[in-house]
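Peer 1: The following block contains the structure, expressed as structure tokens.
The values are calculated or read from the model by the stated rules, or taken from the named source; none is laboratory data. Computed from a prediction, not measured in an experiment: that's the story for all the values here. Cβ coordinates were reconstructed from backbone atoms using ideal geometry, including for glycine residues, and neighbour counts include every protein chain displayed. Areas reflect the complete protein model, heavy atoms only, side chains present, ligands, DNA and RNA absent. Shrake-Rupley method; radii C 1.70, N 1.55, O 1.52, S 1.80 Å.
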Amino acid sequence: MTHYEKQSMKELRAGMGEGLVEAGKRNENVVALSADVKGSVKMDGFAKEFPERFIQCGIAEANMVGIAAGLSLCGKVPFLGGFAEFVTGRVYDQIRQVVAYSNKNVKICGSHAGISLGEDGATHQTMEDIALMKALPNMTVLVPADFNQAKAATLAAAEHVGPVYLRLGRSKMPCFLPEGEKFEIGKAQLLSEGKDVTLFACGHLVWEALQAAEALEKEGISAEVINIHTIKPLDVEAIVASARKTRAVVTCEEHLFNGGLGDSVAQTLALHCPTPMEYVAVDDKFGESGTPDEMLTNYHLRAADIVEKVHAVLKRK
Amino acid sequence: MKTTQELQQIATQVRRDILRMTTNAKSGHPGGSMGTTDWFVAMNFNIMDFEPKNFTMSGEGEDMLFVSQGHITPVIYSTMARRGYFPVDELKTFRKFGTRLQGHPSTAHNLPGIRMASGSLGQGLSVGIGAALGKKMTGDKHLVYTMHGDGELEEGQIWEAAMFAGAKKVDNLIATVDYNNQQIDATVDEVMSLGDLKAKFEAFMWKVVVIDNGNDMQQVLDGMAKAKALTGQGSPVCVLLRTKMGYGVDFMQDTNKYHGAVLSADDLPKALAQLPETLGDF
């Protein structure tokens, strides 16, 4: 298998922040909006570099979504940033009407997504955001895997015309993908080839999937690892091709079972290539307070949990 | 520019259109449409600076209007057609399968003149603020107008937006409230009294113009001209437009009965008899 080195520990939200500054330099129409969390969502760099293009909306996310939609009419490319729960679930109807249905060029950056947010607890740990955003027609849903990819995804979102949801975590996580690699929206990323089972992963769990593949290799099991950084539009072709090859699938994500990557893959397999499949995800419950490490371990989102699911799916092959 | 008398004639025809469109569709919202007809006619023909045949989504170089209470599509579409955005004959397709004239405004069906979907209430002021900020950023001196129902002011997002526009001095924005004191369940006073609405907007750092009779064309023209004169002075401008829901037909006025209910085929001729045809029916 292909081995990946942990280069550093970095926050994905910070990757977005760097990408946004770069996008702002490349395109003077890029503007940013935040709801009193510009530091938390790492938009402070952009605000400092381009103060006239940063709009402080205060603690009013619904209004921020509408303002972003209005700005997009005038040729602006608005990136709005907030905690993922408050820029998706809290404002779902606003996004539905003036971003998705009206098909406006608005980029929604949801930081602090997933259970690895940790200590803030369940009110802030959205694990439903992928389900909400992918349900909307016209919406593109991006879930980058590390800091470097979060930066690249931000640049890709700026160039893409149309609504985008960009999911980002808060905590420092392994950075392992090459710097400066182009992000291709809608294109699954083959990280390691294998023949016995496919691990489809997104976000922070891509690293865990790679660790699982290393452990499986020692057992003589060859796992293919594919990073599904774009949940929508889904790379159906790549998923079907890999499932046909390995005949066993495990999906890995920091999201609820319902409506996440696993459901997108399950739907694809059911329609095109029925294949035994297991989920590594959170089963229909809210999170709680704890360190990011404690959350990932206690909610069974670790490499060891992926290995266990691989053993289970191989028995069904 | 039209004379006041010409505008009044257009308004009468628009009210006929509203009633015929909604009865034809067997659904829709005639009440608020008829109450705001005079305002829409004044805006489309005299107040706003735009040219239908040059419509662009960006609205660059022209005034823009966002109607936040999207349910009043009958008056929106009739005035748009009468102003030349699309053929008047198309009004007969209102709410029919395959139409560009969706039940609520949509950008998904390529209808020129519509820049944003509305219908889910409370969102148009935020959108208008975004467009107004966009115009400031691009150096476009034209104005952004929004229109709201008074019942719609119960939505919290309106007050988020009102706070933003006042605090951030969005002074190229004029928001008009159709202040008819009617909503679906009862009067606004009964459902959720607005109290001193003028004082509320002033407390949010807006300038406020009150039009006592929004069904008097001259008062609408004068009031909107006054509102325009108040722009560019560091504050957003609010117009409180006192209207009567269902104005123009005696048995439809002063009630919320026709908010979302249409005239039967039997009642339609009785209503149309009070609104003589001026420009020709669709």
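Peer 1: May I ask for the angle, rounded to the nearest 10°, between helix A:303-315 and the longest principal axis of chain A, with both axes built from Cα atoms and the value confined to 0 to 90°?
Peer 2: In chain A, helix A:303-315 runs at an angle near 50 degrees to the longest axis.
Peer 1: Anything losing 30 Å² or more of accessible area from the isolated chain to the full protein assembly: pick those residues out of the range B:83-124, probe 1.4 Å, ligands and DNA/RNA ignored.
Peer 2: B:THR107, B:MET116, B:ALA117, B:SER120, B:GLN123
Peer 1: Taking a cut-off of 14 Å between Cα atoms, list the aspartates and glutamates near A:LYS315, but don't count ones fewer than 8 places away on the same chain.
Peer 2: A:ASP196, A:GLU278
Peer 1: Residue by residue through the range A:148-155, which ³J(HN,Hα) values in whole Hz follow from phi under the Karplus form 6.51 cos²θ - 1.76 cosθ + 1.60 (θ = phi - 60°), with glycine and proline marked x?
Peer 2: With coefficients 6.51, -1.76 and 1.60, one gets 4, 6, 5, 5, 5, 5, 5, 5 Hz.
Peer 1: If packing is taken as the average number of other Cβ atoms within 10 Å across a peptide's residues, how do A:20-30, B:22-32 rank, most packed first?
Peer 2: Order by mean packing, descending: B:22-32, A:20-30.
Peer 1: What number, rounded to the nearest 500 deg cm²/dmol, is the helix-based mean residue ellipticity at 222 nm of chain B, given -39500 (n - 2.57) per DSSP H run of at least four residues and division by all its residues?
Peer 2: Helix-only estimate at 222 nm: -11000 deg cm²/dmol.
Peer 1: Related question: Have a look at B:ASP254, B:ASP49, B:ASP185 and tell me which one the Gaussian network model of chain B (Cα, springs below 10 Å) gives the largest fluctuation.
Peer 2: Result: B:ASP185 has the largest fluctuation of those listed.
Peer 1: Something else about it: Identify all aspartates and glutamates with a Cα-Cα distance to B:LYS136 below 15 Å; exclude those on the same chain that are fewer than 8 residues away in sequence.
Peer 2: A:GLU28, A:GLU52, B:GLU60, B:GLU62, B:ASP63, B:ASP171
Peer 1: How tilted is helix A:261-272 with respect to the longest principal axis of chain A? Cα atoms for both, answer in degrees (0 to 90, nearest 10).
Peer 2: 60 degrees
Peer 1: Where does chain A land at 222 nm, in deg cm²/dmol rounded to the nearest 500, when only DSSP H runs of n ≥ 4 count, each adding -39500 (n - 2.57), divided by all residues?
Peer 2: The per-residue figure over chain A is -10500 deg cm²/dmol.
Peer 1: Now, a different point. Helix check for chain B. Which DSSP H runs span at least 27 Å along their own axis by Cα, with a mean Kyte-Doolittle hydropathy no less than -1.0?
Peer 2: B:4-25
Peer 1: Now for a different question. Have a look at A:GLY118, A:GLY186, A:GLY39 and tell me which one the Gaussian network model of chain A (Cα, springs below 10 Å) gives the largest fluctuation.
Peer 2: The residue that fluctuates most here is A:GLY39.
Peer 1: I've got another one for you. Of all the Cα-Cα pairs you can form in the range A:76-227, what percent are over 23 Å apart?
Peer 2: Across the range A:76-227, Cα pairs with separations above 23 Å total 40 percent.
Peer 1: If you roll a 1.4 Å probe over the heavy atoms of the protein chains, what accessible area per residue do you get for the range A:169-317, in Å²?
Peer 2: For the range A:169-317, the solvent-accessible area averages 42 Å² per residue.
Peer 1: On to the next question. State the dimensionless ratio Rg/Rh of the range A:89-128 (Rg: radius of gyration of Cα atoms; Rh: Kirkwood radius).
Peer 2: When Rh is taken as the Kirkwood radius, the ratio is 1.09.
Peer 1: Calculate the dipole size of the range A:32-141 relative to its Cα centre from +1 charges on Lys and Arg beta carbons and -1 charges on Asp and Glu beta carbons; express the result in debye to the nearest 20.
Peer 2: So the magnitude is around 460 debye.
Peer 1: Is there a quick way to get the dipole size of chain A? I mean about its Cα centre, with the Cβ of Lys and Arg at +1 and of Asp and Glu at -1; what is the value in debye to the nearest 20?
Peer 2: Value, rounded to 20: 740 debye.
Peer 1: Could you compute how much accessible surface B:ARG100 exposes when probed at 1.4 Å, giving the result in Å² to the nearest 10?
Peer 2: 70 Å²
Peer 1: If amide hydrogens are placed 1.01 Å from N in the peptide plane, which non-local residues have theirs closer than 5 Å to the one on A:THR198?
Peer 2: Distant-sequence amide H within range of A:THR198: A:GLU224, A:ALA248, A:VAL249, A:VAL250.
Peer 1: Treating the beta-carbon of each Lys and Arg as +1 and of each Asp and Glu as -1, no other charges, what is the dipole magnitude of the protein assembly as shown about its Cα centre, to the nearest 20 debye?
Peer 2: The dipole of the protein assembly as shown has a size of about 1220 debye.
Peer 1: Per residue and in cubic angstrom, what volume does the convex hull of the Cα atoms of the range B:126-263 have?
Peer 2: 113 Å³
Peer 1: Over all directions, what mean area does the Cα convex hull of the range B:1-118 project, stated in square nanometres?
Peer 2: Spelled out: convex hull of the Cα atoms, projected over all directions, averaged, 6.6 nm².
Peer 1: Toward the positive end of the charge dipole of the protein assembly as shown, about the Cα centre and with charges on Cβ (Lys, Arg +1; Asp, Glu -1), which of B:GLN253, A:GLY118, A:GLN56 goes farthest?
Peer 2: Value computed over the given set: B:GLN253.
Peer 1: From the convex hull of the Cα coordinates of the range A:54-144, what is the mean projected area in square nanometres?
Peer 2: 5.8 nm²
Peer 1: Would you pull out the residues with amide H under 5 Å of B:VAL209's amide H, same chain only if 5 or more places away, H placed 1.01 Å from N?
Peer 2: Here B:CYS238, B:VAL239, B:LEU240 satisfy the definition.
Peer 1: Would the range A:200-243 count as rounded, prolate or oblate if I go by the C-alpha gyration tensor, calling it rounded below 1.5 in a/c and otherwise prolate when a/b exceeds b/c, oblate otherwise?
Peer 2: Oblate shape, in that a/c is at least 1.5 and b/c is the bigger or equal ratio.
Peer 1: Of A:LYS187, A:LYS107, A:LYS245, which is the most mobile in a GNM of chain A whose springs link Cα atoms less than 10 angstrom apart?
Peer 2: Between A:LYS187, A:LYS107, A:LYS245, it is A:LYS245 that shows the largest mean-square fluctuation.
Peer 1: How much space per residue, in cubic angstrom, does the convex hull of the C-alpha atoms of chain B take up?
Peer 2: Given the Cα convex hull of chain B, per-residue volume reads 114 Å³.
Peer 1: To one decimal place, what orientation-averaged projected area in nm² is obtained for the convex hull of the Cα set of the protein assembly as shown?
Peer 2: That works out to 27.7 nm².
Peer 1: Do any residues of the range B:48-63 lose at least 20 Å² of accessible area when the full set of protein chains is present rather than just their chain alone, and if so which, with a 1.4 Å probe?
Peer 2: B:MET57, B:SER58
Peer 1: Once the Cβ-Cβ distance between B:GLN5 and B:ASP222 is put in as r, and R0 is 25 Å, what FRET efficiency do you end up with, to the nearest 0.05?
Peer 2: The value I calculate is 0.95.
Peer 1: While we're here: Under a 5 Å amide H to amide H cut-off, with H placed in plane at 1.01 Å, what residues pair with A:LYS232 once short-range neighbours are removed?
Peer 2: Correct list: A:VAL141.
Peer 1: Total Å² of accessible surface buried at the A-B contact, 1.4 Å probe, nearest 100?
Peer 2: 2100 Å²
Peer 1: How many angstrom lie between the Cα centre of the range B:155-208 and the Cα centre of the range B:97-122?
Peer 2: Spelled out, the Cα-based centre of one part sits 24 Å from the other.
Peer 1: At 25 °C and a viscosity of 0.890 mPa s, what translational diffusion coefficient does Stokes-Einstein give for the range A:1-46, taking Rh as the Kirkwood radius over Cα pairs? Give it in µm²/s as a whole number.
Peer 2: It comes out at roughly 202 µm²/s.
Peer 1: Still on this model: Using only Cα atoms, locate the centre of the range A:250-308 and the centre of the range A:1-47, then give the distance between them in Å, rounded to an integer.
Peer 2: 26 Å
Peer 1: Select from B:ALA132, B:THR278, B:ASN180 the residue farthest towards the positive end of the dipole of the protein assembly as shown; place +1 on Cβ of Lys and Arg, -1 on Cβ of Asp and Glu, and compute about the Cα centre.
Peer 2: Highest projection toward the positive end goes to B:THR278.
Peer 1: Going from most exposed to least, what order do A:HIS272, A:HIS229, B:HIS71 have by accessible area with a 1.4 Å probe?
Peer 2: Solvent-accessible surface, decreasing: A:HIS272, B:HIS71, A:HIS229.
Peer 1: Under 22 Å Cα to Cα from B:LYS26, which lysines show up? Leave out anything in the same chain fewer than 8 places away.
Peer 2: List returned: B:LYS92, B:LYS96, B:LYS257, B:LYS270.
Peer 1: Here is a follow-up. Quantify, in whole percent, the carbon and sulfur part of the accessible surface of chain B (1.4 Å probe; protein heavy atoms only).
Peer 2: C and S atoms contribute 49 percent here.
Peer 1: Roughly to the nearest percent, how much of the accessible area of chain A is carbon and sulfur, given a 1.4 Å probe?
Peer 2: For chain A, the apolar C and S fraction of the accessible surface comes to 48 percent.
Peer 1: Over every pair of different alpha-carbon atoms in the range B:4-59, take the mean of 1/r and invert it; report that Kirkwood radius in Å.
Peer 2: 12.6 Å
Peer 1: Moving to a separate point now. Against the longest principal axis of chain A, how steep is helix A:12-26, in degrees 0 to 90 to the nearest 10, with axes from Cα atoms?
Peer 2: 50 degrees
Peer 1: Same structure again: Give the total of Lys-Lys pairs in the range A:1-130 with Cα-Cα distances below 16 Å; include a pair only if its members are 8 or more places apart or on different chains.
Peer 2: 8
Peer 1: Step by step: find N for the range B:151-231, compute 2.2 N^0.38 Å, then divide the Cα radius of gyration by it. What's the final number?
Peer 2: So the Cα radius of gyration is 1.15 times the expected 2.2 N^0.38 Å.
Peer 1: A further question on this structure: Give the residues of the range A:203-221 whose amide nitrogen is closer than 19 Å to a point set 7 Å from the Cα of A:HIS3 in the direction of its Cβ.
Peer 2: A:207-221
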